Amino acid sequence: MPVDLTGTYLTLQDGRPAVRFSRTYDHPADRVWRFVTDPDELAQWFPSRAEMELRPGGTIRFSGDPNMPESTGRVLAVDPPRHLSFAWGGDELHFDLEAVGEGRTRFTLTNVLSEANTAARNGAGWEVCLAALDAKARSERFEGAHAGVSPAWKEFYDAYLGAGVPSGAPVPGLD
């Protein structure tokens with residue numbers, strides 16, 4: 001069964017490759033902000049647990065991802081409850097929240113890639129993670145893993161490959 005891809009591969013104005021995802025949630029921005037910044041809420045959909053010092057230059061400690069060692073990142077920018085960006089490995093993650101009506105928020109995740117060949121791999125990963133966030137936003141239980149190689153991840157990866165999204169980077173747990 002074909003899967004619907006929600007991510008877009010793009011080249012940013014500064015020439016860096018990225019994948020971008022957008023969702024609209026029936027929650028006010030301050031609630032969606034907690035999905036992104038509260039370590040316990042984030043751990044329910046993000047690949048790693050992330051403990052953050054929410055200030056520019058603040059440290060983020062990542063743990064709990066079975067395919068990645070514990071690591072640290074750095075907060076690049078924060079403007080509650082509208083924007084958070086941080087360095088994660090060689091990538092940057094940008095979370096933008098915008099009110100789009102009474103009690104609704106547009107959530108946009110942009111993964112600025114260190115290498116274009118990670119686009120298909122990361123895009124597939126975000127599809128699975130964001131499915132977990134979508135379920136959380138609907139107060140539903142998410143069934144299945146939201147981190148690592150899974151049957152759902154593999155379907156999305158194959159679909160990104162079929163769409164011609166750059167690929168070739170190693171896949172932890174598959175290579």
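Structure summary
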{"read-out": "The lone exception for D40 - which of (1) out of contact with any strand residue (DSSP E or B) (no Cβ under 6 Å at 6 or more places or on another chain); (2) outside any loop (DSSP other than H, G, I, E, B); (3) open to solvent by 40 Å² or more (accessible area, probe 1.4 Å); (4) in contact (Cβ under 8 Å) with a residue 40 or more places away in the chain it fails", "value": "(4)"}
{"read-out": "Answer residue from segment 2-30, given it is in contact (Cβ under 8 Å) with a residue 12 or more places away in the chain and among the hydrophobic types (A, V, I, L, M, F, W, C) and is nearest to K154 (Cα to Cα) among those", "value": "V3"}
{"read-out": "Any hit, segment 125-135, residues being at negative phi, touching a residue at least 24 places away in the same chain (Cβ under 8 Å) and either part of a loop (DSSP other than H, G, I, E, B) or in contact with an Asp or Glu (Cβ under 8 Å, 6 or more places away or on another chain) (or both)", "value": "no"}
{"read-out": "S63, sole failed condition from (1) without any contact (Cβ under 8 Å) to a residue 24 or more places away in the chain; (2) at positive phi; (3) not aliphatic (A, V, I, L, M)", "value": "(2)"}
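For (1) part of a strand (DSSP E or B); (2) modelled with pLDDT under 95; (3) touching a Lys or Arg at 6+ places or on another chain (Cβ under 8 Å); (4) open to solvent by 50 Å² or more (accessible area, probe 1.4 Å), each residue gets a yes or a no:
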| position | (1), (2), (3), (4) |
| --- | --- |
| F35 | no, no, yes, no |
| P47 | no, yes, no, no |
| E51 | yes, no, yes, yes |
| F62 | yes, no, yes, no |
| T72 | yes, no, yes, yes |
| V78 | yes, no, yes, no |
| P81 | no, no, no, no |
| F86 | yes, no, yes, no |
| G103 | no, no, no, no |
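The values are calculated or read from the model by the stated rules, or taken from the named source; none is laboratory data. Just so we're clear, the structure is a prediction, and the values are computed from it rather than from any experiment. Please note: Cβ atoms are built from the backbone with ideal geometry, for glycine as well, and neighbour counts cover all protein chains shown. In case anyone asks, the SASA skips ligands and DNA or RNA and just uses the protein heavy atoms, side chains included. Shrake-Rupley method; radii C 1.70, N 1.55, O 1.52, S 1.80 Å.
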